[in-house]
Every structure is written in C-alpha cells, then in structure tokens.
1. Return a yes/no flag: does the stretch A:55-63 have any residue that is assigned to a loop (DSSP other than H, G, I, E, B) and more than 13 Å from every other protein chain (Cβ to nearest Cβ).
2. Can you go through B:LYS322, B:LYS335 and tell me which one is open to solvent by 10 Å² or more (accessible area, probe 1.4 Å), touching a strand residue (DSSP E or B) at 6+ places or on another chain (Cβ under 8 Å), more than 14 Å from chain A (Cβ to nearest Cβ) and of a type in the set (Lys, Arg)?
3. Any idea which of B:LEU49, B:LEU59, B:LEU38 is more than 16 Å from B:ARG95 (Cα to Cα), of a type outside the set (Phe, Trp, Tyr) and open to solvent by 10 Å² or more (accessible area, probe 1.4 Å)?
4. Across the stretch A:233-247, what is the total count of residues that are touching a residue at least 40 places away in the same chain (Cβ under 8 Å) and open to solvent by 10 Å² or more (accessible area, probe 1.4 Å)?
5. Of everything in the stretch A:152-190 that's touching a residue at least 60 places away in the same chain (Cβ under 8 Å), over 22 Å from A:LYS129 (Cβ atoms) and assigned to a helix (DSSP H, G or I), which residue is farthest from the other protein chains (Cβ to nearest Cβ)?
6. Report the residue count in the stretch B:197-225 for those that are open to solvent by less than 10 Å² (accessible area, probe 1.4 Å) and either among the aliphatic types (A, V, I, L, M) or closer than 11 Å to B:ILE242 by Cα (or both).
7. Consider A:ILE190 against the criteria (1) modelled with pLDDT of 95 or more; (2) among the β-branched types (Val, Ile, Thr); (3) surrounded by fewer than 24 Cβ atoms within 10 Å (Cβ to Cβ): it satisfies all of them except one. Which criterion is unmet?
8. I'd like the full set of residues that are on the phi < 0 side of the Ramachandran plot and either over 23 Å from the mean Cα position of the chain (by Cα) or open to solvent by less than 50 Å² (accessible area, probe 1.4 Å) (or both), limited to the stretch B:7-20.
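The values are calculated or read from the model by the stated rules, or taken from the named source; none is laboratory data. Quick caveat, the model's predicted, so the values are computed rather than measured. Quick reminder, even Gly has a Cβ in these numbers, built from the backbone with ideal geometry, and neighbours come from all protein chains shown. Ligands, DNA and RNA are stripped out before the accessible areas are found, and what is left, the full protein with its side chains, is counted by its heavy atoms. Shrake-Rupley method; radii C 1.70, N 1.55, O 1.52, S 1.80 Å.
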2 protein chains.
Amino acid sequence: MLRCQKCGKMHKGFKIMCDCGGVLDYVEEFGGDFDSSLKREYLDVRRYLHFIPVKEEFLPHLRLPITPTVEREIKGIKVFFKLEYLMPSGSFKDRGTYVTISKLKENGINEVTLDSSGNAALSLALFTKSEGIKAHLFIPDHTSEGKKKLLKRLEAEVHEIKGSRMEVHKKAVSFEKGLYISHWYNPYFIEGTKVAAYEVYEQIGNVDYAMTPVGSGSLFLGLYKGFKELHILGNSKIPKMIAVQGKGYESLCEKSHEESKLAEGIAIPEPPRKEQMLKILEETAGTCISVGDEEISSALKELTSMGFLVEPTSATAYGAFKSLLEEGYFETGSKVLIPLTGSGLKNL
Amino acid sequence: MLRCQKCGKMHKGFKIMCDCGGVLDYVEEFGGDFDSSLKREYLDVRRYLHFIPVKEEFLPHLRLPITPTVEREIKGIKVFFKLEYLMPSGSFKDRGTYVTISKLKENGINEVTLDSSGNAALSLALFTKSEGIKAHLFIPDHTSEGKKKLLKRLEAEVHEIKGSRMEVHKKAVSFEKGLYISHWYNPYFIEGTKVAAYEVYEQIGNVDYAMTPVGSGSLFLGLYKGFKELHILGNSKIPKMIAVQGKGYESLCEKSHEESKLAEGIAIPEPPRKEQMLKILEETAGTCISVGDEEISSALKELTSMGFLVEPTSATAYGAFKSLLEEGYFETGSKVLIPLTGSGLKNL
C-alpha cells in the first residue's frame, strides 16, 4: 500500500502522487528476519526479493549485480566505496527502474513519461526497450553527448528541452501521453534504491555515516529506508545520513553564491521530497554539505587514481568527504559509506 | 607452479613463457569440494578465492562483482547471457588483470609492458594506476577513440602503433622497459578468467554449450579450465566449447575471404595458445565458427533490444549462436552460455 505523506490517504496500484498533491510512501511491512529472509540461492538483486514489493513473475529479464564495495583507509577513517556505477545502464538508477518496471508490468501499464538529467532516462530507456514498454523521455538539451548517443542507440523517444532542469520537469508533467512516473515522486523507485543498504549490511555490517549526492534524493531516501528497515528487523544501526549537493543547487544546505556546472546530475533546486529529507538529516543527526567544481574536479581525479571510472556528479560525495575530514568531522576509526553513483564511461 | 606445454619444465614465480619458447600453464591443484570451499561471506570475486592461486594480502584494492546472468528462451533454446561487461574497466579482462596484479605484487614486480587491442590495456591501466605499478601500453593507432580517451584519463603511458595487431605485438615484445606480461601468454590471466565458470556453476548449474569470442582466447581458455576443474571436483559437466571468431581472423576455423572490421577485439591471426584451443574443441566435441560484419551488426542490435549495451566484438558470439540455431545445431532445451564481454559505453 501507498500512504500519502500529507493527508494520510492510502492507495493501491501504481501511483506517484496523492490526489491532494502529497508524495507517497510505500508502507507495507514484511515479516521475518534478515538472515532467514535472504534468498541465498541468488547472487544478484533477487537475493533481497523478500524485502521489496515485487512479484517474481513480473521482474524484468535484465538483472542487476550486487555491486562490490572497496575499502580504503583514509587518514584513520575507513571509507567504503560502493560501486553503484557497475549497473547495466551505468548508474544506480537501474535499482529504482528495476522495481518500477516490475510494478508497471504487474499493473499492466505499457506507456510512460519521465524527465531526467540523463541517467534516469537512460536507465528507463534500457529497461523499457527490453520489456516492450513505450517511454517518452524528457531531458535538458545540455545533457552530455555520450548519454544522448546511448539514448539514440536505444531508439528512445527523446524530447530535448531548452532551459533549466525545472523547465524539463514542467514539460514532462504537462505531456499528454504515457503515465508520468518521475523518480522524483515514484515511491517504488525508492524501494529499488534501498536494496543498496541491504547489500551494504551483508557486505560490511554497520556503517557510521552514509554520504550520497542529493538531487531529487532517490538514493539518499532509499539508503535511509533500507537501513531503517534493517534496524527494525533488529540488525543494522542507522548511520548518520550526509546529503551532498552541488553549489548553487542547495535544496537542503545553506545556499551559496557559486554555481556548480559539474554536478549536473543533481542540479535540482526544489526536490518534491525535500521535507522528508530534512527530517532524515535531523533524525539521524546527519548533515548537509555542498561542493563546488574545484572540489569535484579534484575528487574525480583522486577517484580515478583509486581505479574508479565515474562521472563528475559521482565525485561530489568524495569531495564532501574530504572537506568534512579536513574539519575533523569524523571520529577516528569511523566507517563511512560512499556510493559511487554513475559510470565515467558515458562521458568521454 | 607453472608447467611448460612444450618441454614440461616447471617454473616458479611470475613468468609468461618457458625458456624453450613454450607457453606455460598454472598446474597446482587445490583440495576440497566446491560447496565447502566457497567463501560465502563474500559477495564478490573473493567468494572463489580458494580456487585461484592468489594470497589475500596481495589482492588489488579494486574488487570485481559477480556478474549477473540473464536468461532468454530463444526458439526452444535456453540462452544464458553473462554480463561480463559490468566490470570496473568495462570488460571481462578485469578478471585476468585481477589475478595478474595479485601475482605481480606477490613477486614484487612494479613495472610491466603489455600490448592490446584496447580492453586489456584499459584494464591494466586502471589496476596499475590504483596499485602504483608502472605500465607501458602498446595499442594499435586505430583503437577506438573512447578507449584512447579513457587511457588518457588514467594518465597511462600509451604507445600508439601503426600497422596490424601483430605489429603492435612485436613492438611491445622488443620494448626494453618493464616485464612483458601479455595476456596472450600470461598463465595467471587464465586463472582469473576461469572464475566466470565458477560463477556460472553457482548461478545456473550445468550448461551444455559455452560460446565465446576468441582472439587470443583468454576467456575461452579460462572458462574451459574452470569447467574442467569443477568437473574434477565432481560437479559440473564440461560444456561443448564453441569458439567464435571474426571473418578474416580465423585462427581456429576455416579461413574466409571476407574481413571483419567490427570484431576488432579478436583480430588476432596467430594466437600463441592456438594448439591448446584446438585440443579443447576436439576434447569437448565443440566447434569453431566465424562471423562477418553483417551478422555482428544485426546481433548487436538485437542485444541492445534485450537491454545489453555491449561493444561490437561482444556481439560476435550471439551472431554465431543465431547462425548455429538456424542450422539446427542445438538440441531443443539445450542450455547455452554466452558471455557478453565488453561494455558498449566506451564506444560512443
């Protein structure tokens, strides 16, 4: 069942927003404990099927890997990079798309509309193509050439929109064909991204901090939800959640005067789930930090040196980690999770 | 221990060829059975550590995922695509590099030389960069721009050579710096690629056929070795091995007059392990088949439609599958493994 955050109304089926305009959460609880609920016969995303609201017969053909974690000790802090970019379309968005496609199939929906800065569109184009679902995709005209070429290869129906990310959003919302399924709202998307937390728990156990790039917040919200569910199941402690944003696009942090060009994937000034994220920052005693292009460039270079070929937006979290480290924010010996969200192979 | 295929001499340490010019095989046996030897606490390549000749303390920081398999029923045949392209550098070569780097570290070697059509160089550049090993890389000047850009981003020392793939090989062999570690010879590389067979066995169980693109044959040889080891351990049956080559570069099949441009990754007319591969074809009652650019293009398009963003060389195996299917080669209900070897994100 889906519950409206604003009016509390319950909904069934595929819906991304309440009639009152409130955003929806998926709220059904699953029983069992972590260990006995794992589907150990699977070494891919299906290992965690018990915890996500999908029926096995509606799963997409395409499967997601369990992404590896890589440990690096940096000035007394244990950093765990999670290689979320090793996904079929090259970004963590495939996690959300995977569950979304399952729910579309379950509900017999075969035509959809989405707006995206690039990665979510690419992910949806890939999965809809392979499942025979029609997709109308709205992207900014300044989306990277690499992503545009991939969309073309997928023979996707792409609408390139001039103007800001918010303009793209408006055009998609007012488009008349296809069910609008933006990941900014779509509660099932978060059911997919939360699986990363289950993997982390099985791979590493507890972590003290989790730092993610935040635009619309689908990874931030998913990780938090996963850690919270694990906590309710009696396992994981909930880490302090750290939201990382690009300068000039601080929906959660204090606004800066600079404007990041490199953090293109998270240039979203007004995410619909903003209040929900602010609550999580408060509840977990986390923080929000924004980074500029200089920090992003330097973080990207360091990540490359460590063997991570990622895109600039993915480097924001590591850039923020370096700043916080400098400030002495982390206790020595802390475990910090940094998901690396998007592949650098697409941005040549 | 390494044993020479030609003179039988045994060698220790890191060596890629016998003094007599023969190629070497890694021959040490590990005890135990499959089930109890799995390191189930790991959900990445380390799960199969018992079966590969590396010491945990020398493993690279960077870790490889267990790549997912995706099933598709095609005209009564069960095809299992294995997404080998979901690797840190975007190709299956990371498997061989992973073990190679471990052995280099174990043997205190910190300067190496390699020739490659692109993917192996990129893989080595990534891992040597993150481990602080110096690498001299020789590639053809017609290597795709995408791969060249990635090598540049990794600040690799690249020697672009005009001429055929064999010219590139000669230049690398005669280069005076760094230990020459070509994957054409390197026995440890095969110890890495064989892990794919262990994963397949755990994911699917037995398969009847395994079809791989074959240039130097590092994946073909690795898969066969893995399946054979599993068989000795009392588990897997050894599938019929099918070598797929690009037209004009048939080292194992009958030579054709056409010349494939798209199968650039396997354009190797004289692989050093040719005799070894011919023996495997005979022993497993497999076959060799070559494909031209038309079949490759059409296979690539179909793979894209199924959600696999791979490079043209990767599509050769599926192209060959389609031809064999047409001929009625496979028994109804057969299980056919097709590894998808290289990411399409690099070739935009």
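1. Within the stretch A:55-63, one or more residues are assigned to a loop (DSSP other than H, G, I, E, B) and more than 13 Å from every other protein chain (Cβ to nearest Cβ).
2. B:LYS335
3. Just a single option satisfies the conditions, and that option is B:LEU38.
4. Result for the stretch A:233-247: 6.
5. A:MET166
6. 12
7. Of everything listed in (1) modelled with pLDDT of 95 or more; (2) among the β-branched types (Val, Ile, Thr); (3) surrounded by fewer than 24 Cβ atoms within 10 Å (Cβ to Cβ), A:ILE190 misses just condition (3).
8. Within the stretch B:7-20, B:CYS7, B:LYS9, B:MET10, B:HIS11, B:LYS12, B:PHE14, B:ILE16, B:CYS18, B:ASP19, B:CYS20 meet the criteria.
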